[in-house]
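*Asks:* Below: one structure in structure tokens.
The values are calculated or read from the model by the stated rules, or taken from the named source; none is laboratory data. As the structure is a computational prediction, the values presented were derived from the model and not from experiment. Cβ: placed from backbone, ideal geometry, glycine included. Neighbour counts: every protein chain shown. Side chains are part of the model used for accessible areas, which takes the heavy atoms of the whole protein and leaves out ligands, DNA and RNA. Shrake-Rupley method; radii C 1.70, N 1.55, O 1.52, S 1.80 Å.
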Amino acid sequence: MTVTRRHFLGGVAGLTTLGAFGGPVFAAAQKPASPLQITIVDVAGNLALTQAAFDAYAAAKPDFVSRFVYTKAPSPELPAKLQAQQAAGRVDLDLVLTGTDALAAGIGLNLWVDLKPHMAELPKLTDILLPQAAKMQGLAEDQGIIVSYYPSGPIVEYMPDKVATPPTTAQELLDWTKANPNKFIYARPANSGPGRTFLMGLPYLLGDSDPKDPEKGWDKTWEYLAELGKNVEYYPTGTGAVMKELGEGTRDMTVSTTGWDINPRALGVVPAEAKVGKLQGFHWVTDAHYMCIPKGIADERVAVLLDVMNFMLEPKQQAIAYDQGYFYPGPAVKDVPLSMAPQDSQDCIKEFGRPEYEDWIANNPLELPLDPAKMVTAFNIWDQKIGAAKG
């Protein structure tokens, strides 16, 4: 994923009042004894949206942060790594950028710093966040702070030269995969935004008894996925591999999200002529990225990270999240239109965005993903019932 570097400088932590334009004004946070090197691990692809803003913070506040060190890791591997570091008393990761998957796992394993005592040091989130982003913040249980948001999916993405009659219902999708074995693909939900969005969106599409209960309310979903799996060759461990195979012509159809539709076409991984559709009964299952602080780091570092979080929530930094459409739209904060984004982001969305998305977002239900504990349960059931069938 390419990252364009843009510099937007703004205020810092300690919300005190409202500025002339209604935005938060921040008092200076307590400066550390010496500038800190902060290590950020990204398990969600979030740096494509935020690295330029983190770099802008380092440029604006060299007395606080000498540099950010960036690293990436597969989401399923992070919890065990953090557990081992915490058990040894040697945590070397300061900030985790995660989706709902590792967020949920970390909450379940008690890996994250509880931010409840620090909320007064942050803006009042219910005032600044988009309504659905504020609901997504609730999923974090004060164990993390939302940094980017999008309606996500699940949508169906396909190559029109290979799929003459795209499916309009879940049954038509299943029938198409039976008629075209191994031409449909999706990635393991525990490590794929589109994969888990598809998993959580199916109960709405199929009319399951309780879309929020994967154990007792998803009978139709698990039956459907088992049937679908008979026509799927394998499940990749990440979405990037899915899009590569779609782009190369190995597969003709997949499940997608707004960002995973726009960005791979902008990057040339998937042909620009790829099309998308939604299925009858479609509900958006929204998604977000979060900033989480692992337990075990020094209080001085926590204080600086709270300052960083304030900076990342400013509208100028949020506008960077439009990026190249990877998490479209991207901003979690209100009043951050595309016109605030860098020109190359505006140009990208104009060329590779889809006019129908605005209508779909406005006129279809927006659902929260599963809460953290049930999400982990859903991943485990999928791994055992569906993924294990392919080894």
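*Asks:* Picking from Val65, Val96, which residue would you name as being in contact with a Gly (Cβ under 9 Å, 6 or more places away or on another chain), open to solvent by less than 10 Å² (accessible area, probe 1.4 Å) and closer than 15 Å to Val304 by Cα?
*Replies:* Checking each option against the conditions leaves just Val96.
*Asks:* A follow-up question, please. Restricted to the range 34-62, and to residues that are part of a strand (DSSP E or B) and either of a type in the set (A, V, I, L, M) or without any contact (Cβ under 8 Å) to a residue 12 or more places away in the chain (or both), which residue is surrounded by the fewest Cβ atoms within 10 Å (Cβ to Cβ)?
*Replies:* The qualifying residue surrounded by the fewest Cβ atoms within 10 Å (Cβ to Cβ) is Leu36.
*Asks:* Let me ask you something else. Please go through the range 174-198 and pick out each residue that is in contact with a helix residue (DSSP H, G or I) (Cβ under 8 Å, 6 or more places away or on another chain) and either farther than 30 Å from Gln318 by Cα or of a type in the set (Val, Ile, Thr) (or both).
*Replies:* Across the range 174-198, the qualifying residues are Leu174, Thr177, Lys183, Phe184, Ile185.
*Asks:* Another one. Which members of the range 366-385 meet the condition of being open to solvent by 30 Å² or more (accessible area, probe 1.4 Å), of a type outside the set (Asp, Glu) and touching a strand residue (DSSP E or B) at 6+ places or on another chain (Cβ under 7 Å)?
*Replies:* Within the range 366-385, Leu366, Leu368 meet the criteria.
*Asks:* Residue under question is Glu351, and the condition is that it be at pLDDT below 95, more than 16 Å from the chain's Cα centre (by Cα) and in a helix (DSSP H, G or I); does it hold?
*Replies:* No.
*Asks:* Answer yes if at least one residue in the range 103-122 is open to solvent by less than 20 Å² (accessible area, probe 1.4 Å), of a type outside the set (Gly, Ala, Ser) and under 30 Å from Ala170 (Cβ atoms), and no otherwise.
*Replies:* Within the range 103-122, one or more residues are open to solvent by less than 20 Å² (accessible area, probe 1.4 Å), of a type outside the set (Gly, Ala, Ser) and under 30 Å from Ala170 (Cβ atoms).
*Asks:* Looking only at the range 204-225, how many residues end up being open to solvent by 50 Å² or more (accessible area, probe 1.4 Å), outside any loop (DSSP other than H, G, I, E, B) and not charged (D, E, K, R)?
*Replies:* Residues in the range 204-225 being open to solvent by 50 Å² or more (accessible area, probe 1.4 Å), outside any loop (DSSP other than H, G, I, E, B) and not charged (D, E, K, R): 0 in total.
*Asks:* Does the range 215-237 contain at least one residue that is over 23 Å from Leu366 (Cα atoms), in contact (Cβ under 8 Å) with a residue 12 or more places away in the chain and touching a Cys at 6+ places or on another chain (Cβ under 6 Å)?
*Replies:* Within the range 215-237, not a single residue is over 23 Å from Leu366 (Cα atoms), in contact (Cβ under 8 Å) with a residue 12 or more places away in the chain and touching a Cys at 6+ places or on another chain (Cβ under 6 Å).
*Asks:* Met312 - would you say it is in contact with a helix residue (DSSP H, G or I) (Cβ under 8 Å, 6 or more places away or on another chain), of a type in the set (A, V, I, L, M), open to solvent by 40 Å² or more (accessible area, probe 1.4 Å) and on the phi < 0 side of the Ramachandran plot?
*Replies:* No; evaluated as a whole, the condition is false for this residue.
*Asks:* Please go through the range 180-195 and pick out each residue that is in a helix (DSSP H, G or I) and touching a strand residue (DSSP E or B) at 6+ places or on another chain (Cβ under 8 Å).
*Replies:* So the first thing to find is which residues in the range 180-195 are in a helix (DSSP H, G or I), and the list is 189-191, 193-195.
Gly193, Pro194, Gly195, listed by residue number.
*Asks:* Could you list, in sequence order, all residues of the range 272-294 that are touching a Pro at 6+ places or on another chain (Cβ under 9 Å), open to solvent by 40 Å² or more (accessible area, probe 1.4 Å) and not acidic (Asp, Glu)?
*Replies:* Lys275, Lys278, His283 - these are the residues of the range 272-294 that are touching a Pro at 6+ places or on another chain (Cβ under 9 Å), open to solvent by 40 Å² or more (accessible area, probe 1.4 Å) and not acidic (Asp, Glu).
*Asks:* Can you tell me how many residues within the range 158-190 are of a type in the set (Gly, Ala, Ser), open to solvent by less than 20 Å² (accessible area, probe 1.4 Å) and over 11 Å from Val232 (Cβ atoms)?
*Replies:* So the answer is 2.
*Asks:* Between Leu103, Leu82, Leu93, Leu78, which is outside any helix (DSSP H, G or I) and either at negative phi or basic (Lys, Arg) (or both)?
*Replies:* Details: Leu103 fails: outside any helix (DSSP H, G or I); Leu82 fails: outside any helix (DSSP H, G or I); Leu78 fails: outside any helix (DSSP H, G or I).
Every option except Leu93 fails the conditions.
*Asks:* When Asp335 is evaluated against the numbered criteria (1) within 19 Å of the chain's Cα centre (by Cα); (2) over 23 Å from Ile38 (Cβ atoms), which criterion, by number, is the only one it fails?
*Replies:* Going through the list (1) within 19 Å of the chain's Cα centre (by Cα); (2) over 23 Å from Ile38 (Cβ atoms), Asp335 breaks only (1).
*Asks:* Going through Ile297, Ile262 one at a time, which residue ends up being open to solvent by less than 40 Å² (accessible area, probe 1.4 Å), touching a residue at least 40 places away in the same chain (Cβ under 8 Å) and more than 24 Å from the chain's Cα centre (by Cα)? Steps first, please.
*Replies:* On the way: Ile262 fails: more than 24 Å from the chain's Cα centre (by Cα).
Result of the check over Ile297, Ile262: Ile297.
*Asks:* Here's a follow-up. Look at Ala319 and say whether it is hydrophobic (A, V, I, L, M, F, W, C), closer than 20 Å to Pro131 by Cβ and in contact with a Pro (Cβ under 7 Å, 6 or more places away or on another chain).
*Replies:* yes
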